[in-house]
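Undergrad: Have a look at this one.
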Amino acid sequence: MFHCISFSTGVSLYFLAQEEAEVTTGIDGLAILNQLLNGFGIVGVLLLTGLGLAITFGVMRIINLAHGEFIMLGAYVTFVMQSTFQMDLLLTIPFAFIVTAAIGAVVEFIIIRRLYGNPLETLLATWGLGIVLQGIVKLLFTAQLKYVKAPAYLSGSLVLLSDSSGAARVAISYYRLFIVLVGLALLGITMFLFYGTSWGRQIRAVTQNRDMSKCLGVNTQLIDMGTFAYGCGLAGIAGTVISPLKSVAPPMGQDYLVDAWMVVVTGGVDRLVGILAGSFLIGESNALIAFLLNDPLARVIVLTAVIVLIRYRPEGLFTVQKRV
Amino acid sequence: MSRFVRKTSRRKFLQYSSLTVGAGVLAACGNTSSKSSSSGSTADLGENPIKVGVLYSTTGSIAIVEKSLQDATFLAIDQINNGTGPWANNGAGIAGRKIQMVVVNPNSDWDLYNQMAKRLIDEDKVVAVLGCYTSASRKSVLPVFEEKDSLLYYPVYYEGNECSSNVIYTGAAPNQQITDSVPYAYKNFGPKGFFIGSDYIYPKESNRIARAELENIGGQVVGDEYAALGTTEFITIINKIKAAKPDFVLSNLVGDSIPAFYRQYKDAGIKAEDIPIMAYPTTEEEIQAMGPEFSTGHYTSFNYFQTVDTPENKAFVDEFKAMFGQNRVTNGVMEAAYLQTFFMAQAMKKVLEEGDELNTATIREATRGQEFNAPQGRVKVDPDNYHTYLHSRIARWKEDGQAEIVFSTDSAVKPIPWSQALYKGRICVHPTPDDRSNPTKETGKDLEPEFL
């Protein structure tokens with residue numbers, strides 16, 4: 001996490017320095033700088049949505065196609081808390097985590113538990129689960145778009161550079177910054193849990209050798225359930241934090257599923273820091289290509305690049321060498 | 001042993017899950033079997049009801065919009081069957097016969113629209129179909145209706161450049177939505193427009209027409225950007241707008257891209273006073289979904305707004321809310337879905353009163369020239385091109401999410417299916433009676449705007 005922060009400021013500082021020289025000659029440089037800065041907004045969303053998947057897929061090897069629906073559930077929890085208790089968005093985050101984690105635990109107990117070691121069957125089961133969850137939400141809340149409010153103190157933009165007339169040239173909205181910070185904070189907490197606590201050690205032990213862990217007295221079933229629930233809870237937080245940028249609707253999670261998968265596959269699943277690298281690479285390249293060409297084309301190019309990457313480095317960019 | 005248990009339980013799980021999936025498929029197909037009467041009230045449909053197909057998705061990505069069109073259709077059919085609302089002077093039903101709806105759900109899948117249209121016509125033997133929202137779904141069912149010579153009532157503003165003998169178009173043609181809004185934006189905001197839209201046929205065609213109109217009056221398009229359908233990440237497009245410094249943004253984004261775009265637009269610090277958005281698909285429904293503070297000061301060009309001041313509209317809004325909930329809003333597409341049901345019913349009434357049989361040819365001929373006091377004002381089906389005379393309006397969105405109408409034609413505008421900026425002088429005249437020959441005619445002249 002620390003590495004990333006220094007890296008990102010490094011990039012902006014570099015561009016800031018370059019911009020000084022360009023301010024008289026080209027407007028383009030400023031626009032691109034602004035775009036790269038705003039690209040962090042995309043990076044933040046990718047990081048948030050990818051993190052939960054990094055747990056369920058990266059650690060537990062469950063191909064969870066219902067990941068998007070857990071994001072959606074988190075957004076709906078926020079919607080319910082806001083519309084019934086007029087709660088501030090930030091205060092709804094713990095509720096979103098608890099509710100989606102609880103649903104995740106139930107799902108693990110009823111479905112996933114029976115399918116460990118059969119990735120194809122988890123794929124089918126979670127795909128179906130996604131349809132069921134969307135259907136239930138549609139029955140409860142109807143298909144109409146709902147909306148949640150962003151807190152007022154997070155409106156407005158942080159202006160880094162403005163031109164002579166006072167118009168902002170390089171600026172990023174506070175809410176986008178907030179998303180990035182939440183993403184980084186969750187990554188930090190998750191890394192601490194995994195590498196700094198005995199629970200994390202047990203999780204890693206179970207992933208590496210389930211039978212051996214069992215012999216050593218680890219309650220693997222409890223560990224599995226806890227880990228899956230945690231991954232789902234993270235997706236729920238993502239849903240809460242993203243929801244003010246768009247509207248809340250049953251199919252909303254689908255938008256994030258593919259992106260989250262690209263992030264996880266690109267970054268590699270063995271180290272959580274790979275998620276950070278994956279979201280940074282995909283988010284910023286998407287932002288840059290979309291700015292220079294256009295949005296649909298940028299998606300095509302980035303997706304193609306990910307396919308090529310998987311071909312030559314199926315284990316992703318950040319992986320540890322394993323003895324098999 | 002434990003392995004065995006695990007295996008069987010997995011097999012069992014698969015059996016159960018396939019059962020569930022099967023049941024789901026059955027349920028989806030089961031919808032085709034005539035679901036009679038409207039919205040739950042299992043009223044007696046009496047002798048010899050008239051079968052009408054209702055083809056809107058209530059699941060999938062476009063369900064959010066199409067469900068509200070279905071609701072408006074249900075309201076209209078309920079009023080016709082019970083002889084209330086605009087149908088109060090005609091008695092219950094159409095010349096004594098009630099409408100039996102065959103409601104199907106194509107699940108937002110364009111291919112399923114095609115299959116379900118076939119089923120409605122071949123198996124359920126409906127005499128007409130009310131339905132479709134996206135141009136993609138209309139293009140998908142069009143060959144079916146033309147091949148089987150059946151009739152579709154289509155309630156949506158669209159890109160034009162189509163004139164089928166088997167479709168009654170009750171939404172806006174380009175000249176009823178674009179033609180007034182482009183000069184309005186040019187005059188009130190400035191000459192430079194930045195065009196955005198979702199990446200499919202309607203927004204691209206619509207923007208192509210708007211570009212031609214803007215350039216004709218001396219304006220300039222400083223940007224033209226499209227986002228994949230369903231995109232909710234607009235940082236890049238917003239940055240391009242900031243860099244291009246246009247006088248206004250013309251938006252043809254649809255679906256859940258709309259709330260996302262308006263929210264991020266304001267979040268990025270662009271004020272409505274500086275660069276207002278002129279949009280076509282942004283209606284009361286989408287504004288309710290984004291929160292009105294994000295749309296305040298932006299504009300929409302449409303035929304109908306919930307604030308239109310007519311007694312018919314007041315009744316429509318009250319009855320819609322009474323049936324579907326006080327927190328619901330009405331919008332232009334819903335109003336079109338509502339009014340076209342009355343066009344159909346009036347045409348059927350005419351056929352039955354003349355002692356004819358209800359079939360495609362008789363209903364089509366009877367629909368031509370039908371007039372109706374719709375919530376938006378008096379409207380009429382053009383007897384030549386089967387599009388609808390509609391009012392052209394522009395509104396500025398207020399803090400409460402409702403429209404302040406800033407421009408309105410005095411009466412309904414005659415529809416011109418072909419964009420005159422692209423195809424000068426091209427008109428569409430179906431012969432009487434319609435023998436389904438090619439209706440396209442080139443006059444080569446400028447068409448004067450005509451009103452009802």
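Undergrad: Need pairs with beta-carbon distance below 8 Å; first residue surrounded by 24 or more Cβ atoms within 10 Å (Cβ to Cβ) and within segment A:249-265, second among the aromatic types (F, W, Y); sequence gap 6+ or separate chains.
TA: From segment A:249-265, the pairs are A:P250/A:F141; A:G253/A:F70; A:V264/A:F57.
Undergrad: Tell me the residue from A:I275, A:I189, A:I179, A:I242 that is away from chain B (no Cβ under 14 Å) and touching a helix residue (DSSP H, G or I) at 6+ places or on another chain (Cβ under 9 Å), please.
TA: Unique residue meeting the criteria: A:I275.
Undergrad: Output the residues belonging to segment B:227-255 that are facing chain A (nearest Cβ under 9 Å), within 25 Å of the chain's Cα centre (by Cα) and open to solvent by 30 Å² or more (accessible area, probe 1.4 Å).
TA: Once the filter is applied, which keeps residues that are facing chain A (nearest Cβ under 9 Å), within 25 Å of the chain's Cα centre (by Cα) and open to solvent by 30 Å² or more (accessible area, probe 1.4 Å), segment B:227-255 yields only B:A228.
For (1) hydroxyl-bearing (S, T, Y); (2) more than 21 Å from B:F343 (Cα to Cα), each residue gets a yes or a no:
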position: B:T73; (1), (2): yes, no
position: B:N89; (1), (2): no, no
position: B:R97; (1), (2): no, no
position: B:D122; (1), (2): no, yes
position: B:C132; (1), (2): no, no
position: B:E147; (1), (2): no, yes
position: B:V156; (1), (2): no, no
position: B:C163; (1), (2): no, no
position: B:N166; (1), (2): no, no
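Undergrad: Just to check your reading of the model, which residue among B:L120, B:L112, B:L142 is among the aliphatic types (A, V, I, L, M) and open to solvent by less than 20 Å² (accessible area, probe 1.4 Å)?
TA: Numbers: B:L112 fails: open to solvent by less than 20 Å² (accessible area, probe 1.4 Å); B:L142 fails: open to solvent by less than 20 Å² (accessible area, probe 1.4 Å).
One residue alone meets the criteria, B:L120.
Undergrad: I'm checking my understanding of the structure. Among residues of segment B:185-203 that are part of a helix (DSSP H, G or I) and over 13 Å from B:Y280 (Cβ atoms), which one is most open to solvent (accessible area, probe 1.4 Å)?
TA: Looking at residues that are part of a helix (DSSP H, G or I) and over 13 Å from B:Y280 (Cβ atoms), I get B:K187.
Undergrad: With respect to A:I189, is the statement that it is open to solvent by 50 Å² or more (accessible area, probe 1.4 Å) and either outside any helix (DSSP H, G or I) or under 19 Å from A:A229 (Cα atoms) (or both) true? Can you show your working first?
TA: On the way: open to solvent by 50 Å² or more (accessible area, probe 1.4 Å): yes; either outside any helix (DSSP H, G or I) or under 19 Å from A:A229 (Cα atoms) (or both): yes.
Yes; evaluated as a whole, the condition is true for this residue.
Undergrad: Going through segment A:95-131 one residue at a time, which ones are exposed (fewer than 15 other Cβ atoms within 10 Å of the Cβ), β-branched (V, I, T) and at pLDDT below 95?
TA: Of everything in segment A:95-131, just one residue is exposed (fewer than 15 other Cβ atoms within 10 Å of the Cβ), β-branched (V, I, T) and at pLDDT below 95, namely A:I110.
Undergrad: Additional query: For residues in segment A:278-292 being open to solvent by 20 Å² or more (accessible area, probe 1.4 Å) and hydrophobic (A, V, I, L, M, F, W, C), which is nearest to the other protein chains (Cβ to nearest Cβ)?
TA: A:F291
Listed here are the residues, each with its yes/no results for (1) out of contact with any strand residue (DSSP E or B) (no Cβ under 8 Å at 6 or more places or on another chain); (2) closer than 18 Å to B:Y386 by Cβ.
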site: B:A412; (1), (2): no, yes
site: B:P417; (1), (2): no, yes
site: B:G425; (1), (2): no, no
site: B:T432; (1), (2): yes, yes
site: B:E448; (1), (2): yes, no
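Undergrad: Related question: Is it the case, given these coordinates, that B:V222 is surrounded by fewer than 19 Cβ atoms within 10 Å (Cβ to Cβ), under 18 Å from A:F291 (Cα atoms) and either more than 10 Å from chain A (Cβ to nearest Cβ) or touching a Lys or Arg at 6+ places or on another chain (Cβ under 7 Å) (or both)?
TA: Yes.
Undergrad: OK, next. Consider A:L140 carefully, then state whether it is of a type outside the set (D, E), away from chain B (no Cβ under 13 Å), surrounded by fewer than 18 Cβ atoms within 10 Å (Cβ to Cβ) and within 30 Å of B:Q288 (Cβ to Cβ).
TA: Yes: the conditions hold for A:L140.
Undergrad: Moving on to the next point. With within 13 Å of chain B (Cβ to nearest Cβ) and not charged (D, E, K, R) as the only criterion, which of A:Y76, A:Y116 stands out? Before the answer, list the steps.
TA: Working: A:Y76 fails: within 13 Å of chain B (Cβ to nearest Cβ).
After ruling out the rest, the residue left standing is A:Y116.
Undergrad: A follow-up question, please. Can you tell me which residues in segment B:39-96 are open to solvent by less than 30 Å² (accessible area, probe 1.4 Å), under 20 Å from B:T170 (Cα atoms) and touching an Asp or Glu at 6+ places or on another chain (Cβ under 8 Å)?
TA: Of everything in segment B:39-96, those that are open to solvent by less than 30 Å² (accessible area, probe 1.4 Å), under 20 Å from B:T170 (Cα atoms) and touching an Asp or Glu at 6+ places or on another chain (Cβ under 8 Å) turn out to be B:G53, B:Y56, B:S57, B:V65, B:S68, B:A72, B:L75, B:Q79.
Undergrad: Within segment A:220-248, take every residue that is part of a helix (DSSP H, G or I) and among the polar types (S, T, N, Q) and give me the one that is surrounded by the most Cβ atoms within 10 Å (Cβ to Cβ). Please lay out each step first, then the result.
TA: As a first pass, look at segment A:220-248 and keep what is part of a helix (DSSP H, G or I): A:220-245.
Among the residues that remain, those that are also among the polar types (S, T, N, Q) are: A:220-221, A:227, A:240, A:243.
On the way: A:T220: 16, A:Q221: 14, A:T227: 25, A:T240: 30, A:S243: 28.
Among those residues, the one meeting the criterion is A:T240.
Undergrad: Taking segment B:344-366 only, how many residues are open to solvent by 20 Å² or more (accessible area, probe 1.4 Å) and of a type in the set (K, R)?
TA: Selection size over segment B:344-366: 2.
Undergrad: Let me ask another. Check B:S17, B:S33, B:S37, B:S61 and return the single one that is in a loop (DSSP other than H, G, I, E, B), farther than 21 Å from B:R119 by Cα and at pLDDT below 75.
TA: Every option except B:S61 fails the conditions.
Undergrad: Return the only residue of B:Y200, B:Y158, B:Y154 being in contact with a Cys (Cβ under 6 Å, 6 or more places away or on another chain) and either within 14 Å of chain A (Cβ to nearest Cβ) or on the phi < 0 side of the Ramachandran plot (or both).
TA: Working: B:Y200 fails: in contact with a Cys (Cβ under 6 Å, 6 or more places away or on another chain); B:Y158 fails: in contact with a Cys (Cβ under 6 Å, 6 or more places away or on another chain).
Answer to the check: B:Y154.
Undergrad: Considering only segment B:427-452, state which residues are aliphatic (A, V, I, L, M) and under 14 Å from B:S164 (Cβ atoms).
TA: B:V429
Undergrad: Just to verify a result, which residue in segment B:273-284, among those that are among the aliphatic types (A, V, I, L, M) and closer than 23 Å to A:Q35 by Cβ, is nearest to the other protein chains (Cβ to nearest Cβ)?
TA: Taking segment B:273-284 first, the residues among the aliphatic types (A, V, I, L, M) are B:275, B:277-279.
With closer than 23 Å to A:Q35 by Cβ added as a condition, the list becomes B:275, B:277.
Working: B:I275: 12, B:I277: 17 Å.
Only one residue fits best here, namely B:I275.
Undergrad: How about segment B:151-178: which of its residues are farther than 30 Å from B:K125 by Cβ and among the aromatic types (F, W, Y)?
TA: B:Y157
Undergrad: Could you please tell me which pairs satisfy a Cβ distance under 8 Å, a separation of 6+ or placement on different chains, a first residue in segment B:316-329 that is under 19 Å from B:F342 (Cβ atoms) and of a type in the set (S, T, Y), and a second residue that is modelled with pLDDT under 90 and part of a helix (DSSP H, G or I)?
TA: No pair meets every condition.
Undergrad: Looking at segment B:386-452, what strands (runs of 3 or more DSSP E) fall wholly within it and have at least 3 residues that are more than 30 Å from B:F294 (Cα to Cα)?
TA: Fully inside segment B:386-452 and qualifying: B:426-428, B:440-442.
Undergrad: Out of the residues in segment B:123-139 meeting the condition of being open to solvent by 10 Å² or more (accessible area, probe 1.4 Å) and in a helix (DSSP H, G or I), tell me which one is modelled with the highest pLDDT.
TA: Step by step, filter segment B:123-139, then rank; the result is B:K139.
The values are calculated or read from the model by the stated rules, or taken from the named source; none is laboratory data. As the structure is a prediction and not an experimental result, all values here were calculated from the model. As a convention, Cβ positions derive from the backbone with ideal geometry for all residues, glycine included, and neighbour counts pool all protein chains shown. The area values use the complete protein model at the heavy-atom level, side chains included, leaving out ligands, DNA and RNA. Shrake-Rupley method; radii C 1.70, N 1.55, O 1.52, S 1.80 Å.
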